[in-house]
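J.: The structure is given below, and queries will be raised subsequently.
Bear in mind that the values in this text are calculations on the coordinates, not laboratory data. Bear in mind that the values here come from a model prediction, so they are computed numbers and not experimental data. Note that we place each Cβ from the backbone using ideal geometry, even for glycine, and neighbour counts take in every protein chain shown.
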Amino acid sequence: MTDSRQPQSSEEMALDAMPGGHQSVFDGLPMELKGCLRNAARVVLVANNPAITAADFQALNIGSDDVVVSFNNCVKSELLSPQSVNVFVHGFNAPDAYFFGLPYGAQVQQLFKQPGARCFTMLVGCTEAMCALPRVALYWERIPLPALWNYPVDRPGGKRYVGPSTGFNALVLFDWLRSHTGYTYQLMTLGFSNEAGKLWGGHAWDYEREWLAKSDVIVVRLQRRRWWQVLLRRQ
């Protein structure tokens, strides 16, 4: 297995340039989650996209060996099933020292309480030392993978980018895992296809879209709605 702490080249990843270069990507995962990923047929990342419907999610036919990944406030939590593996990823707000989406809402808490639940938390962007807990993956800012380590900083005529989005952190991480650990799952995204929603201006979205377009990640398009369905939703 390739050690994530070894850069592809000193030009690409100067691991002493930022905090987080010391961490091992694989060792940041709890053992139980590693087992679920080893058995997973698919890892499906579900965006906080208001255009996603129950029909879009149901069309995926999520099974018990699939891993479903949600983010921050998990606005589509009502679509999740306790039968699958569920991973909840939360980005750290360094200025105010809290993780987006925590504490969990009632629907997510119910998933954790189900008998035999396979629910995991992933915290990304940590800036201070934290103690790992069972079923919690813990990653420092910044995760030492090329697409994240070399994320754009400056933009013309504006403020600096704050760093990778929570979804992009997870996307690059799960992509790296399947190419460096022997995992064989398909990697898929739902709602990452820009059908709706307003994107916060702090991330380099064009950079993230370009990476996704060049990857072999399966981008699931949302189902097209007929004009009368759109009208009904607006009433």
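J.: Over the chain, with a Gaussian network built from C-alpha contacts below 10 Å, which listed residue (Val220, Val108, Val153) shows the highest mean-square fluctuation?
T.: Result for the chain, Cα springs under 10 Å: Val153 fluctuates most.
J.: Based on other C-beta atoms within 10 Å, arrange Glu128, Glu32 from fewest to most.
T.: By the 10 Å Cβ count, ascending: Glu128, Glu32.
J.: Sequence gap at least 6, Cα distance under 8 Å: using those rules, report the relative contact order of the range 26-234 to the nearest whole percent.
T.: Normalised by residue count, the contact order of the range 26-234 is 24 percent.
J.: Return the sequence-ordered ³J(HN,Hα) values of the range 175-187 in whole Hz as given by the Karplus equation 6.51 cos²θ - 1.76 cosθ + 1.60 applied to θ = phi - 60°, using x for Gly and Pro.
T.: Ordered by residue, 3J(HN,Hα) equals 5, 5, 4, 6, 9, 10, 10, x, 5, 10, 5, 7, 10 Hz.
J.: Starting from the Cα of His22, step 7 Å along the direction of its Cβ; do the same at Ser215; then give the gap between the two resulting points in nm.
T.: Label-label distance for His22 and Ser215, simple model: 2.8 nm.
J.: Next question, about the same structure. Highest GNM mean-square fluctuation, the chain, Cα pairs closer than 10 Å: which of Gly20, Gly157, Gly105?
T.: Gly157
J.: Can you give the FRET efficiency to the nearest 0.05 for Met130 and Ala51, using r as the Cβ-Cβ distance and R₀ = 41 Å?
T.: The computed FRET efficiency comes out at 0.75.
J.: Next up: Tell me, what HN-Hα J-couplings in whole Hz come from the Karplus equation 6.51 cos²θ - 1.76 cosθ + 1.60 at θ = phi - 60° for each residue of the range 65-79, using x for Gly and Pro?
T.: 9, 8, 10, 10, 10, 10, 10, 6, 6, 6, 5, 9, 4, 5, 8
J.: For the chain, give the magnitude of the charge dipole about the Cα centre (Cβ charges: +1 Lys/Arg, -1 Asp/Glu; no others), in debye to the nearest 20. Mind showing how you got there, number by number?
T.: Details: 22 positive and 20 negative charges, 202 e Å.
For this selection, approximately 980 debye.
J.: Amide H to amide H under 5 Å from Leu80: which residues, 5+ apart in sequence or cross-chain, H placed 1.01 Å off N in plane?
T.: Under 5 Å from the amide H of Leu80 lies no amide H from a residue far enough along the sequence or on another chain.
J.: Quick query: amide H of Arg118 versus all other amide H atoms, modeled in the peptide plane; which residues come in under 5 Å with a sequence gap of 5 or more or a different chain?
T.: Asn86
J.: Each residue of the range 83-89 in order: what ³J(HN,Hα) in whole Hz does its phi give by Karplus 6.51 cos²θ - 1.76 cosθ + 1.60, θ = phi - 60°, with x for Gly and Pro?
T.: 6, 9, 7, 10, 10, 10, 9
J.: Okay, moving on. Can you tell me which of Leu79, Leu190, Leu45 moves the most in a GNM of the chain? Springs connect C-alpha atoms under 10 Å apart.
T.: Leu79
J.: Would you please give the residues with an amide H less than 5 Å from that of Val89, counting only those at least 5 places away or on a separate chain, with H modeled from the backbone geometry?
T.: Answer set, sorted by chain and number: Ser70, Phe71, Asn72, Met122.
J.: Can you tell me the length gained on complete extension of the stretch Val153 to Asp96, counting 0.36 nm per residue apart and subtracting the Cα distance?
T.: 18.4 nm
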